[in-house]
Structure formats: structure tokens, C-alpha cells
Amino acid sequence: ISVNVFPNPFMETATISYNLNEDSKVELEVYDMNGRLVTNLASGQQSSGLHLADFDARKSGFMSGIFIVKLTINGETFSRQIVQMR
């Protein structure tokens, strides 16, 4: 399982995608580089297949920076660094 982000780097919004092999408990969160939670994009049980979530940094009040996308599936965590540029 992998977490993909397009585009990366991004200007205002980025699309996060992940594929589930089976129905799973999912938590998709974005953190700033200080470890503070910026937003929770998904939480709960999801069906198998491709899932997409949009991260809109404008809603978070950030103008630029580095973020960590953290995807937890059935207790196993995957992460990806993303960069917002202005």
C-alpha cells in the first residue's frame, strides 16, 4: 500500500490517493513539520478500492511549507512528505 500525492510540490491543493486491498479501518491525516495536526481527511471504515482525498492548504491558513501525510490502515502507518510552494 502506498500514499500518492499529485501534484507534489503543489500550490494550493493536492490530491492524495491510496488503494485498499480489502475493507479497512482508515485514518488519513495531514501534519505540519512541528507535528501538529493540520486536518483529518478521512476516518473510519472504507471499502476496498481506490480512494481520493483533496488537501486544500488555503483552508488551513498556510501559505507554504512542508507537510506529512499520514495514512493508517488497520493499525499500519504509511507516510509521505508533501511540499506547498507559493
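The values are calculated or read from the model by the stated rules, or taken from the named source; none is laboratory data. Fair warning: this is a prediction, and the values are worked out from it, not measured in the lab. Here the Cβ is made from the backbone with ideal geometry for all residues, glycine too, and neighbour counts use every protein chain on show. Only protein heavy atoms, including side chains, enter the accessible area calculation; ligands, DNA and RNA are left aside. Shrake-Rupley method; radii C 1.70, N 1.55, O 1.52, S 1.80 Å.
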When every residue in segment 23-54 that is at pLDDT 95 or above and acidic (D, E) is compared, the one surrounded by the fewest Cβ atoms within 10 Å (Cβ to Cβ) is D54
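Which residues, counting only those in segment 60-76, are out of contact with any Lys or Arg (no Cβ under 6 Å at 6 or more places or on another chain) and under 18 Å from Q46 (Cβ atoms)?
K70, L71, T72, I73, G75, E76
Hey, among V26, V5, V38, V30, which residue is β-branched (V, I, T), touching a residue at least 60 places away in the same chain (Cβ under 8 Å) and in a strand (DSSP E or B)?
Numbers: V26 fails: touching a residue at least 60 places away in the same chain (Cβ under 8 Å); V38 fails: touching a residue at least 60 places away in the same chain (Cβ under 8 Å); V30 fails: touching a residue at least 60 places away in the same chain (Cβ under 8 Å).
The unique qualifying residue is V5.
Looking only at segment 41-65, count how many residues are assigned to a loop (DSSP other than H, G, I, E, B) and over 26 Å from L20 (Cβ atoms).
First, pick out the residues of segment 41-65 that are assigned to a loop (DSSP other than H, G, I, E, B): 47-48, 61-64.
Now restrict to residues that are over 26 Å from L20 (Cβ atoms): 61-64.
The total comes to 4.
Checking the conditions here, which among I68, I16 is touching a strand residue (DSSP E or B) at 6+ places or on another chain (Cβ under 9 Å), part of a strand (DSSP E or B) and either among the basic types (K, R) or open to solvent by less than 40 Å² (accessible area, probe 1.4 Å) (or both)? Walk me through it before giving the result.
Details: I68 fails: either among the basic types (K, R) or open to solvent by less than 40 Å² (accessible area, probe 1.4 Å) (or both).
After ruling out the rest, the residue left standing is I16.
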The correct count of residues that are over 20 Å from G75 (Cβ atoms) and in contact with a strand residue (DSSP E or B) (Cβ under 7 Å, 6 or more places away or on another chain) in segment 35-48 is 2
Per the filter on segment 54-86, residues among the β-branched types (V, I, T) and in contact with a Phe, Trp or Tyr (Cβ under 7 Å, 6 or more places away or on another chain) are I68, I82
